[in-house]
1. Check whether at least one residue in region 188-207 is assigned to a strand (DSSP E or B), open to solvent by 50 Å² or more (accessible area, probe 1.4 Å) and in contact (Cβ under 8 Å) with a residue 24 or more places away in the chain, and report yes or no.
2. Those residues that are assigned to a loop (DSSP other than H, G, I, E, B), out of contact with any Ser or Thr (no Cβ under 9 Å at 6 or more places or on another chain) and open to solvent by less than 70 Å² (accessible area, probe 1.4 Å), I need them from region 93-108; list them, please.
3. Go through the residues of region 120-137 one by one and say whether even a single one is farther than 30 Å from Ser18 by Cβ and part of a helix (DSSP H, G or I).
4. Is at least one residue of region 216-235 modelled with pLDDT under 90, open to solvent by less than 10 Å² (accessible area, probe 1.4 Å) and among the aromatic types (Phe, Trp, Tyr)?
5. For region 138-150, indicate whether the set of residues that are among the aromatic types (Phe, Trp, Tyr) and open to solvent by 40 Å² or more (accessible area, probe 1.4 Å) is non-empty.
6. So, of the residues in region 10-50 that are in contact with a Cys (Cβ under 7 Å, 6 or more places away or on another chain) and either small (Gly, Ala, Ser) or closer than 18 Å to Tyr211 by Cα (or both), which turns out to be modelled with the lowest pLDDT?
7. Within region 358-366, is there a residue that is at pLDDT 65 or above and not basic (Lys, Arg)?
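The values are calculated or read from the model by the stated rules, or taken from the named source; none is laboratory data. Since the model is a prediction, treat every value here as computed from it, not as a measurement. Ideal geometry is used to build each Cβ from the backbone, glycine not excepted, and the neighbour counts take in all protein chains shown. The protein model used for the area step is the full one, side chains on, heavy atoms only, and it has no ligands, DNA or RNA in it. Shrake-Rupley method; radii C 1.70, N 1.55, O 1.52, S 1.80 Å.
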Amino acid sequence: MGFHCAHCNGGLVFDVESQQMHCEHCGSDFNPQDVIIRDSAIVTTTVTCQNCGAELEGTDESLVGFCPYCGGQSLVAQPGSGFNAEKIIPFQVSKDQCVEAYSEYTKHVPYLHKEFKDAAHIQNFTGIYMPFYQYDAHFDEPNIKGETSETQGEYTVVTKYRVDVELDGEYEHGTPFDASKYLDDEISARCLPFNVEQEVPFSPGYLAGFYADASTAPAELYYEDAQAQAEQDMISEIGDQVKASHGIPLTKKSSIQTTVTNHHPILFPLWFLTWRKGDRVAYAVVNGESGQVVSDLPLNIRAFALGSLAISALLFVVLELTMQMTPGMTAFLSFVAAALMAWGIHTSAKRVHQTQTHAHDKGWTNKEGLNEDPKKRRDRKQVKFKDLWPVLLGALLPIGLGVLSVGLRNARMGRSSVIDIDRAFDAHSSFIMKVAPVLTLAIALYVTIKVIQWHRDMKEWNAPVAIGILLVSVLVNAAIILVAPVDDIWYYAGDIVCIVGLIVSSVAMLRVYNLTTTRPLPKLHDRKEVS
């Protein structure tokens, strides 16, 4: 359905700046709450993506040319069956403000694909009202305990308190939970918080010019999480008051019997942008109430490799002028680089497995009790470029090959280096070169076992290949070090093998990282709405 002006019959859209329904023809404004629909459920247009199966509700004027979930353009519109919600937070951030916030967010992010900063691409942000649930809870039988300690001479005096509190018994409209089965809980959690003071009774007028997704996850799915969160919020509030008034901190043994009594469907505003490459997609989401930006940030591997090469060249020059490296030192650096690379692969591979198998997405898996604290789910950090530090270090340390040649040349020419690392390293070289290979092999073997386990669930990724190549190169180098041949050429050969392994695995590692910052194309053809 379309909303039409009572004065000129022109099309109406919701204007974010004025918070009014605005006529694009004559300029008249109307209060969205004054829009009267005969039935409680409004008749909308259902837009279905033929590629991924996504279904969104909108008005006639809000249709766009691509799917926000997969970026596809095969959209079919048909009359909708209706839409219900109790409350809504109208968009407070306009599209222009959204684009400006996202441009500022990505401006200083290195190695991004150029499309992420392309002005034409980021104009494709689409406004979507996403469904959430808020829960009411009842409190009873509080068991609040406090404890203080102080030192008196040789003794520590611990004083325990029982705190008597009076509760009004009700906790209304608590922490929201994602009601869409196909919006990743990780994304929705990072978009929080929304200012509940901005909530208004739902009116269909707020949908004019925007999409709205329907609730597809049952409200009962989050009862346990909502109960735990309500209890935690109340204990935290009591703790702040008790500490402020009496200086007594509460103990972890404090508890309140909590029962979820009801839930409320609510719509929150999000600006949504999709970037697609092959069978992978990346999402940029902007909180339509606060302007907070949440974005997947896959890197451009070629640009990253060129940047690493430039840094390596600079470090090579510095080391050429200041240090003299020995075979033992270069071998040690190879082991350090291998250990960092192995752990970097472990960290990113774990994230890939969690995101690709939806291990933390309760709405997707539709499982109860994921053995994760609700607060942790909401505090989960976004994958950022700084998480690549093991990869960056591992990619830079192959300059050991160049440093090795410097050491050889210095040794043959009898030239002294500015910093005599050789003398400092030799003091403990025997112990270091026995421990370093064993520790590196232990780390690489542990990571190999974990990656193979995760590979059973994700047979299309290449993490096992990356860690396998790295493990073989470390084994070769470790065998040479432990055998301790007389001829130095064996040590150099081992370093070269390890460096090759580092280079190959670092490229694979970057691809694994990109898997953590992109997602498989959604397949939503089996989606079912929940009343």
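1. Residues of region 188-207 assigned to a strand (DSSP E or B): 200-201.
Keeping just the survivors that are open to solvent by 50 Å² or more (accessible area, probe 1.4 Å) gives 201.
Filter once more, keeping what is in contact (Cβ under 8 Å) with a residue 24 or more places away in the chain: 201.
So far as region 188-207 goes, yes, one or more of its residues are assigned to a strand (DSSP E or B), open to solvent by 50 Å² or more (accessible area, probe 1.4 Å) and in contact (Cβ under 8 Å) with a residue 24 or more places away in the chain.
2. Ser94
3. no
4. yes
5. No, that holds for no residue.
6. We begin by selecting, within region 10-50, every residue in contact with a Cys (Cβ under 7 Å, 6 or more places away or on another chain); these are 10, 12, 23, 25-26, 28, 49.
With either small (Gly, Ala, Ser) or closer than 18 Å to Tyr211 by Cα (or both) added as a condition, the list becomes 10, 12, 28, 49.
Details: Gly10: 78, Leu12: 81, Ser28: 85, Cys49: 84.
By that ranking, first place goes to Gly10.
7. No, region 358-366 has no match at all.
Yes/no matrix, rows are residues, columns are (1) at pLDDT 85 or above; (2) of a type in the set (Gly, Ala, Ser); (3) in contact with a strand residue (DSSP E or B) (Cβ under 8 Å, 6 or more places away or on another chain); (4) open to solvent by less than 60 Å² (accessible area, probe 1.4 Å):
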{"residue": "Ala282", "(1), (2), (3), (4)": "yes, yes, yes, yes"}
{"residue": "Val285", "(1), (2), (3), (4)": "yes, no, yes, yes"}
{"residue": "Phe304", "(1), (2), (3), (4)": "no, no, no, yes"}
{"residue": "Ser312", "(1), (2), (3), (4)": "no, yes, no, yes"}
{"residue": "Leu315", "(1), (2), (3), (4)": "no, no, no, no"}
{"residue": "Thr330", "(1), (2), (3), (4)": "no, no, no, yes"}
